[in-house]
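Input: a single structure, listed below in structure tokens.
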Amino acid sequence: MLELKNLNFEIKSENTSQNILKNINLRFENNKIYVITGPNGSGKSTLVKLIMGILSPNDGEIIFNNKNITNLSINERANIGISFAFQQPITFKGLKVRDLLDIASGNKNDFNMICNYLSTVGLCAKDYIDRQIDSKLSGGELKRIELAMVLARKGKLNIFDEPEAGIDLWSFENLTKIFSSLKNSITIIVSHQQKILEIADEIIMLKKGEVIKKGSLKDILPFIENNKCFKLRGNNE
Amino acid sequence: MNNLEKKILEKISDLHAIPNGAFNIRKNGELFERNSTKEINIIPKKNKNGIDVIVSPNVQNKSIHIPVIITIGGLNDLVYNDFYIGENSDVTIVAGCGIHNKTCKTSVHSGIHSFHLKENSKVKYIERHIGEGNRESGKILNPITKIYLNKNSEMFIETSQIGGVTSSLRKTFAVLKENAKLIIKENLLTNDKDYAKSFFKINLLGNHSSVEITSHSVAKNNSYQEFKSNLIGNNECFGHVECDGILLDDAKIISIPMINASNKNASLIHEAAIGKIAGDELIKLMTLGLTEKEAEDVIIQGFLLGN
Ligand SMILES: Nc1ncnc2c1ncn2[C@@H]1O[C@H](COP(=O)(O)OP(=O)(O)O)[C@@H](O)[C@H]1O
Ligand SMILES: [Mg+2]
């Protein structure tokens, strides 16, 4: 179980400070899928980065499986089973798909293992295994490799920040199948996609850094419809 | 050869034993062993240290190994090696110098190489430099490479010097005739107070000649690197220099571009990007379980080997 207790995050510049997240209290249970949604700039990426340790809260606590992890580094959190797919995948100079999948899984993979990870995300292993992870890959390809790395980690808490962005040529069915197949773990997905909200056990709606509603899709939909500046995206958008 | 010498040989040339085919192994300033073949003749120079390597026309897929092994201190080794590649030949030349210096005296190796490629010939030239032993003692390498590419010839150069060489000054000069093509990949890592300078002067003389230089370098601790390139375009030609550097600690890298286009159809580009390791690359690798230090090593290794 993951618990966020009274998390606050603010950004201070010279003479102003901006509260990006305010008093966040949430619980995430094993074997459930959570979708965090809300308008652009509402703090979704910031929230999941706090969980991964990429950002640190100004106050509050993060408890994972009864352990206070608030002060653990990114890699310490990774090594207790938290993994993270970035909204904007990071590119490198000279590192190949194979290298990152080996690092992600913590051991050298044979071709069949790599083929497994890549085919799950709709990529043909022999075309990609030796490709460098750089800007020569398309945004959609990078997003899928990003997903494959999370699969290779076999984490206990898997976080995906807008995984659907740019996967145009692939289907939502495949994507949702991946999320539903993650067993014995907590899944947190940041998304605006109706299809992804549909597989959620619980949806958390953020607005201006605050949780304004939690519940099932049925509970959330009226809220979204009342919100002028936020719409869910359908299949073809 | 003893075990240490065998190890150095392996590191600079991937050879586990004396190679087949043409080779010239130089050890501690003297010839160790040499072999010529029917197609590749290696002739020692009469008036100075060094060899002439003569490759007959139409020789395909043959290799020539010319490693230099130094295991003593206080040596100052100067060698002149000249390569003459016959028309339509396609060969790989593996050079390299390994200095293992346990003493406190400096050892220096200066390899002055010239390559003369006849029409339609191709050379792949691999050169590896390593330095090891006593960290305090000087391990100095000062290679000079002169390249003459005739019509339609191609040369591909891969040079690497990944740590251990305390000081190096590398000079590369090339003249390219019509349709000739030169590709250079340079990988460099300096530590401690190492000092590495690399200087290129490329004269694109012929119509449609082209050069591409990619330099990936990493400077750590208090080391200093200088990269200077001078592209001269006298015709409709293409030249691209990319100098990419990663800086750590208090190291310094200087990149000096010079482009000299005397023909309006010359297209010459120099790109340089020098900076510290990107924070988001470190963060990504840390989310995969690596410590910051491990992540740094993976990024540097990929950067140097992936060029
Ligand atoms: N490094 C930063 N400096 C200043 N403002 C930031 C920074 N990162 C995020 N923000 C601000 O924090 C808010 C939340 O951002 P983010 O978490 O990325 O939102 P979301 O993912 O919901 O679109 C936005 O108003 C954004 O402009
Ligand atoms: Mg976001």
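For this structure, a couple of remarks:
- Residue in the stretch A:29-38 that is within 12 Å of ligand 1 (Cβ to nearest atom), surrounded by fewer than 21 Cβ atoms within 10 Å (Cβ to Cβ) and hydroxyl-bearing (Ser, Thr, Tyr) present: no
- Residues that are within 14 Å of chain B (Cβ to nearest Cβ) and in a helix (DSSP H, G or I) within the stretch A:115-130 comprise just one, A:Tyr117.
- Of the residues making up the stretch A:124-136, just one is under 23 Å from A:Asp161 (Cα atoms) and open to solvent by less than 10 Å² (accessible area, probe 1.4 Å), namely A:Ile133.
- Scanning the stretch A:176-205 for residues that are open to solvent by less than 10 Å² (accessible area, probe 1.4 Å) and closer than 9 Å to A:Lys32 by Cα, we see that the one that is farthest from ligand 2 (Cβ to nearest atom) is A:Ser185.
- Considered as a group, the residues in the stretch B:271-293 that are more than 8 Å from chain A (Cβ to nearest Cβ) and within 16 Å of A:Asn79 (Cα to Cα) include one that is surrounded by the most Cβ atoms within 10 Å (Cβ to Cβ), and that residue is B:Leu282.
- Pair list, Cβ < 6 Å and 6+ apart or interchain, from the stretch A:81-99 residues that are facing chain B (nearest Cβ under 8 Å) to residues that are of a type in the set (S, T, N, Q) and open to solvent by less than 20 Å² (accessible area, probe 1.4 Å): A:Ser83/A:Asn158; A:Phe84/B:Thr287
- Evaluation of B:Met155 against (1) open to solvent by 10 Å² or more (accessible area, probe 1.4 Å); (2) in a strand (DSSP E or B) (one fails), failing number: (1)
- Within the stretch A:101-114, considering residues that are more than 7 Å from chain B (Cβ to nearest Cβ) and modelled with pLDDT of 95 or more, the one surrounded by the most Cβ atoms within 10 Å (Cβ to Cβ): A:Leu101
- Test: residue in the stretch B:2-23 that is surrounded by 14 or more Cβ atoms within 10 Å (Cβ to Cβ), in a strand (DSSP E or B) and of a type outside the set (Gly, Ala, Ser): yes
- Residue list for the stretch A:37-80, filter: within 16 Å of ligand 2 (Cβ to nearest atom), in contact with a helix residue (DSSP H, G or I) (Cβ under 7 Å, 6 or more places away or on another chain) and in contact (Cβ under 8 Å) with a residue 60 or more places away in the chain: A:Thr37, A:Gly38, A:Met52
- Residues in the stretch B:73-103 that are open to solvent by less than 40 Å² (accessible area, probe 1.4 Å), outside any strand (DSSP E or B) and under 11 Å from B:Lys139 (Cα atoms): B:Gly73, B:Leu75.
- Filter pass, A:Lys5 being open to solvent by 30 Å² or more (accessible area, probe 1.4 Å), touching a residue at least 24 places away in the same chain (Cβ under 8 Å) and more than 16 Å from ligand 1 (Cβ to nearest atom): yes
- Of everything in the stretch B:294-307 that is surrounded by fewer than 18 Cβ atoms within 10 Å (Cβ to Cβ) and facing chain A (nearest Cβ under 7 Å), the residue that is modelled with the lowest pLDDT is B:Gly306.
The values are calculated or read from the model by the stated rules, or taken from the named source; none is laboratory data. Treat the numbers as computed from the prediction; the structure is a model and nothing was measured. Please note: Cβ atoms are built from the backbone with ideal geometry, for glycine as well, and neighbour counts cover all protein chains shown. Just so you know, the surface numbers come from the protein's heavy atoms only, side chains and all, with ligands and any DNA or RNA stripped out. Shrake-Rupley method; radii C 1.70, N 1.55, O 1.52, S 1.80 Å.
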